[in-house]
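First comes the structure, then the notes that go with it.
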2 protein chains.
Amino acid sequence: MAASASISKTIYYGAFVHSVSLADLEVCPKGALGVDEAGVIKFVERDAADLEKIKAKHGGEWKEASVVRVDDGFFFPGFIDTHTHAPQHPNTGLFGKTTLLDWLETYTFPLESSFSDLQKAQRIYSNFVSRTLSHGTTTCAYYATNHVPATNLLADICLKRGQRALVGRVCMNTMSPEYYRDASVDAAVAASQESIDYIRSIDPAGDIVKPIITPRFAPSCTADCLSALGNLAQQTDAHVQTHVSENTSEIALVQDLFPTSKSYTDVYDTANLLTPKTILAHAVHLSPAERQTIKARGAKISHCPASNTALTSGCCPVRELLNAGLTVGLGTDVSGGFSPSILEEVRQAIWVSRFVAMQSPSAAATDNAAKLSTAEALYLATRGGAAVVGLEDRVGGFEVGKDFDAQMIRLGSAPEGGEQNGTFELAGGPVDVFGWETLEEKVEKWVYSGDDRNCAAVWVKGRLVHRTGRYEV
Amino acid sequence: MAASASISKTIYYGAFVHSVSLADLEVCPKGALGVDEAGVIKFVERDAADLEKIKAKHGGEWKEASVVRVDDGFFFPGFIDTHTHAPQHPNTGLFGKTTLLDWLETYTFPLESSFSDLQKAQRIYSNFVSRTLSHGTTTCAYYATNHVPATNLLADICLKRGQRALVGRVCMNTMSPEYYRDASVDAAVAASQESIDYIRSIDPAGDIVKPIITPRFAPSCTADCLSALGNLAQQTDAHVQTHVSENTSEIALVQDLFPTSKSYTDVYDTANLLTPKTILAHAVHLSPAERQTIKARGAKISHCPASNTALTSGCCPVRELLNAGLTVGLGTDVSGGFSPSILEEVRQAIWVSRFVAMQSPSAAATDNAAKLSTAEALYLATRGGAAVVGLEDRVGGFEVGKDFDAQMIRLGSAPEGGEQNGTFELAGGPVDVFGWETLEEKVEKWVYSGDDRNCAAVWVKGRLVHRTGRYEV
């Protein structure tokens, strides 16, 4: 799919749904979103039964606009994946009963180290970007590997396919296998700089792809390496991503490795790696003091519930993080996470919040306050994620002046006489709509039953970047 | 799809995978399963590189046998869904933040009561049987509603489509809404008897459909109603299904309603409803004494993790139930559960076991013993479920003398140059196989990433009962 073709003024016509605040999901049954040639939303109409009237209202320039309709679904903002590992894609679903540290040794390092092979990188990265796009992910914060050419290739692929991406060359100069490690602090910094320069050269405005400085996690980097990367972040004003407080053994390891630090978070703070452009993945077991430090620095949290559950890392108390004023988005964390889908992550965030509720010390009664609602989880997947990657003014919802990063969700209809021919392939995928549902209920059905089959088309900045056979162009 | 066409001797040729015990999954890369005209497995070959040799070995009658091959996947036993509510299908995904008791009032009773409308029942039941078949469910224990005609219609549909089913007319003579309640104990028993007689008349051998006595749950039935249904179970030698110990408020309610009972389980035991043919759904909060009673009576457990999580009912400690010697299968419990797929339930059982592990009082270290392995969860989904519904001698695995109830799992292959045309529809669904995976790893990928798209075809007793466009007949 070419992401470079020029686009014309387009009216996206039909129902739309988006978050307006953490608790509130706007559900508009008859809307119209006017998007200009630059992919910017120029008008949002909420009572658009008569399309001709809408066109007339906005003047002659909209008379000849293209119209993209959705009748059996709705437009929804593109998902933001705030943390995932593109090279681990082939390991999706392979974790067995491991936890973080043995999982890294068993599954992750051997695969990542093979990305010196650019042909292999091409196949896996192309496939993974296709996968994330097919699930409606319009912006993705990617860990790559420590290989500069393969990292740059991932940025090339994202730019070509039109998916917004933060692409990070992974740094690690200790406690990684001999065969997969930076030779020195200087080498780690130089390679990071090289990848930053390349990515900024292919997209100088940073509209689609941007570099992100990526110390794997504290145990993989010496203190001087972390500090050097902190300096690099300051010099380059680049984004930063790393992991924090994922599992209790890892936290104990960090305390051993950095005996003078006050906490895992403090290790990064000491190295000046906590900035308003920093994404911290996991944050499952943070102390109140660590939360305060992160808030004070303006760093952001990527909540990765599928991964935390699969690797038995713990149940992140998201409500507490939100109540502490932290900015939270969702991350698939492939392949600790077992799915490239943020919609799956929405569900997993809801399940984890229920487990937090059920763990409540108030015994019999569950702690209902801990539970995330459907609306809240969708907020984390869109506006929350946008704020985590620093794009809250550009994407995440449908407002005039924002870019049109969106998915067309189609739901189909349960066959009147039942499905008799043994296949649901023509019936609209996994969601069963019987016809009496409200739009709110359709949204619930999509969240709990839907998948990539319902994501008929995806746009970034008004450009079509993915479609299924169900969306004809 | 007609399930009544006669079948010919068939050799199912390719990899097969099935549980041999709770812990052990047999993975055979080059197998052959010979199935006769009655749908019975006549031979199982594990080293079947040369098909002609296999045919010759088994004699002239297999020379002309049909051959069904799978090259990019494997044969797997059909799934057993030990607990679900067919009429609640249209409510799938609708639960919000409710828990059991308010969920029943808000979502369930209004929908179920509408099944006095047979046309509506036809649409919903046809659709739901198609759905469960499409996910590889070859046997299903269904709750219907309290309407005899609609319940009998569900049995008709299962028989016609060829899905093994236990079909239960729901009894409730108290604490249900006035508009949806049995008028008296006698009326409840008579209606149950009527449905039992009908279902036995359409399938006298009980090969495909059987009746099951279904007191909704203790709070919906008075003590005399439960006793009368216990008597009916004894007189008719029918299966029994009900719910037990799902959520703590419900348990407290049962204690209030049955003040002389020793426990929730004791209420059923007093009514002689705990038999070797009884399925108890949920069993989340059982005391050790209750587990002992259930074991002593030979009753079985349907573990419904998706539902327990969605409704915040609790984390069923499955390992403890297994260690106590109880027989456990999986149930989707639609629409408390949000999916008609037992494969999803396999994943959810694994997640719940991880949450149990993370709740362990042994603090920092998680209780690894609580975690279900992939193999164990697949066992619950097949052999465990078969034992729960009393079919352990007929289905659940591939052995000579068992019926061939099976699914063909196809996995496809990740495109060599990446997926460029914006759709994965031709690439084999949601699982990415790169070519270097072992068959064991492919099974893991299927379990954690797969869905109904990978379930290319389904057989019950050797009859094709579902196929997707990817399986040509």
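The values are calculated or read from the model by the stated rules, or taken from the named source; none is laboratory data. The model shown is predicted, which means the values in this text are computed figures rather than measured ones. We place every Cβ from the backbone using ideal geometry, glycine too, and count neighbours over all the protein chains shown. Accessible surface is based on the protein model in full, side chains and every heavy atom, while ligands, DNA and RNA are left aside. Shrake-Rupley method; radii C 1.70, N 1.55, O 1.52, S 1.80 Å.
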Completion exercise
Ranking A:Thr270, A:Leu133, A:Phe95 by how far each Cα lies towards the positive end of the charge dipole of segment A:79-388 (+1 on Lys and Arg Cβ, -1 on Asp and Glu Cβ), the top one is A:Leu133
Practice task
Compute the long axis of helix A:288-297 from its Cα atoms, compare it with the longest principal axis of the Cα atoms of chain A, and write down the angle in degrees, 0 to 90, nearest 10.
Solution key: 70
Practice task
Could you please state how large a percent of the accessible area of segment B:79-388 is carbon and sulfur, counting protein chains only and using a 1.4 Å probe?
Solution key: 52
Problem - Expected 222 nm ellipticity per residue - DSSP helices of 4 or more, -39500 (n - 2.57), all of chain B, to 500 - result: -9500 deg cm²/dmol
Fill in the blank from the handout: The answer for segment B:79-388, accessible area per residue at 1.4 Å probe in Å², is 28
Fill in the blank from the handout: Here, A:Ser413 and A:Thr260, labelled 7 Å along Cα→Cβ, have an inter-label distance in nm of 7.1
Problem - Relative contact order (percent, whole number), chain B, Cα cutoff 8 Å, 6+ residue spacing - result: 20
Practice task
Please state the charge dipole magnitude for segment B:1-53, taken about the Cα centre, from unit charges on C-beta atoms (+1 on K and R, -1 on D and E), reported in debye and rounded to the nearest 20.
Solution key: 80
Problem - Loop-resident sites, segment A:161-234, for chymotrypsin sites (Phe, Trp or Tyr not before Pro), counting at most 10 other Cβ within 10 Å (DSSP) - result: A:Tyr179
Handout entry: Other copies of B:Gly206: label-to-label distances in nm, shortest first, labels 7 Å along the beta-carbon direction
Key = 7.1
Fill in the blank from the handout: Summed over the other residues with a beta carbon less than 9 angstrom from that of A:Ile294, with K and R at +1 and D and E at -1, the charge totals +2
Practice task
Let me have the relative contact order for segment B:22-166, percent, based on Cα pairs under 8 Å that are six or more residues apart.
Solution key: 21
Handout entry: Exercise: per-residue mean of other protein chain Cβ atoms within 10 Å, A:312-320
Key = 2
Practice task
Measure nothing but the geometry: give the 0 to 90° angle between the long axis through the Cα atoms of A:185-202 and the longest principal axis through the Cα atoms of chain A, rounded to 10°.
Solution key: 20
Practice task
For an R0 of 30 angstrom, estimate the FRET efficiency from the Cβ-Cβ distance between A:Leu118 and A:Ser227 and round to the nearest 0.05.
Solution key: 0.40
Practice task
Using only the Cα atoms of segment A:221-307, build the gyration tensor, take square roots of its eigenvalues as a ≥ b ≥ c, and label the shape rounded, prolate or oblate: rounded if a/c is under 1.5, else prolate if a/b is larger than b/c, else oblate.
Solution key: oblate
Exercise for the section: Return the long-range amide H neighbours of B:His83 (sequence gap of 5 or more, or a different chain), with a cut-off of under 5 Å between placed amide H atoms. Expected result: B:Ala141, B:Thr332, B:Asp333
Exercise for the section: Can you bin segment A:238-286 into rounded, prolate or oblate? Criterion: square roots of the alpha carbon gyration tensor eigenvalues sorted a ≥ b ≥ c, rounded for a/c under 1.5, prolate for a/b above b/c, oblate for the rest. Expected result: oblate
Fill in the blank from the handout: Ordered by number, the residues of segment B:434-454 that have at least 50 Å² less accessible area in the complete protein assembly than on their own chain alone (1.4 Å probe) are B:Phe434, B:Trp436, B:Lys445, B:Tyr448, B:Arg453
Practice task
Can you list the distances in nanometres, one decimal and ascending, from the A:Phe43 label point to the identical position in each other copy, with the point 7 Å along Cα to Cβ?
Solution key: 7.5
Completion exercise
Per the rotation taking chain B to chain A, min distance Cβ-to-axis on chain B (residue, whole Å) equals B:Phe355, 2
Practice task
Treating cross-link reach as a plain straight distance, find the lysines whose alpha-carbon is under 25 Å from the alpha-carbon of B:Lys63, omitting any fewer than eight places away in the same chain.
Solution key: B:Lys9, B:Lys30, B:Lys42, B:Lys53, B:Lys55, B:Lys402, B:Lys461
Completion exercise
Contact order relative to length for segment B:202-359, counting C-alpha pairs under 8 Å separated by 6 or more residues, stands in percent at 18
Handout entry: Within segment B:110-220: Cβ-based charge dipole about Cα centre, in debye rounded to nearest 20 (Lys, Arg +1; Asp, Glu -1)
Key = 420
Problem - Helix A:148-161 vs. chain A, principal-axis angle (Cα, 0 to 90°, nearest 10) - result: 10
Fill in the blank from the handout: Full extension between A:Ser6 and A:Glu472 adds, at 0.36 nm per residue less the Cα distance, a length in nm of 166.0 nm
Practice task
For A:Glu416, place a label point 7 Å out from Cα along the Cα→Cβ vector, do the same in each other copy, and report the separations in nm, one decimal, smallest first.
Solution key: 4.8
Problem - Two-site label geometry, A:Lys57 and A:Phe434: point separation in nm, points 7 Å out along Cα→Cβ - result: 3.5
Problem - Per-pair calculated FRET efficiency, R0 = 25 Å: A:Ala296 and A:Val400 via Cβ, rounded to 0.05 - result: 0.15
Practice task
Give the interface area between chains A and B as buried accessible surface, both sides summed, probe 1.4 Å, in Å² to the nearest 100.
Solution key: 6400
Problem - Stretch gain in nm, segment B:Ile202-B:Glu392, where the contour uses 0.36 nm per residue and the Cα spacing is subtracted - result: 66.1 nm
Practice task
Assign unit charges at the C-beta atoms only (+1 for Lys and Arg, -1 for Asp and Glu), then state the dipole size of chain B relative to its Cα centre in Debye, rounded to the nearest 20.
Solution key: 480
Exercise for the section: Name the cysteines of chain B that stand alone by the Cβ rule: no other cysteine Cβ under 4.7 angstrom. Expected result: B:Cys28, B:Cys140, B:Cys158, B:Cys171, B:Cys304, B:Cys315, B:Cys316, B:Cys455
Practice task
Classify segment A:1-66 as rounded, prolate or oblate, taking a ≥ b ≥ c as the square roots of the eigenvalues of its Cα gyration tensor: rounded when a/c is under 1.5, otherwise prolate if a/b is larger than b/c and oblate if not.
Solution key: oblate
Handout entry: With at most 12 other Cβ atoms within 10 Å, longest stretch of chain A clear of loop trypsin sites (Lys or Arg not before Pro) (DSSP)
Key = A:64-473
Fill in the blank from the handout: Here the FRET efficiency for A:Asp24 versus B:Ser249, based on Cβ atoms and R0 = 30 Å and rounded to 0.05, is 0.55
Exercise for the section: Would you work out what percent of the accessible area of segment A:1-72, with all protein chains in place, is carbon or sulfur (probe 1.4 Å)? Expected result: 49
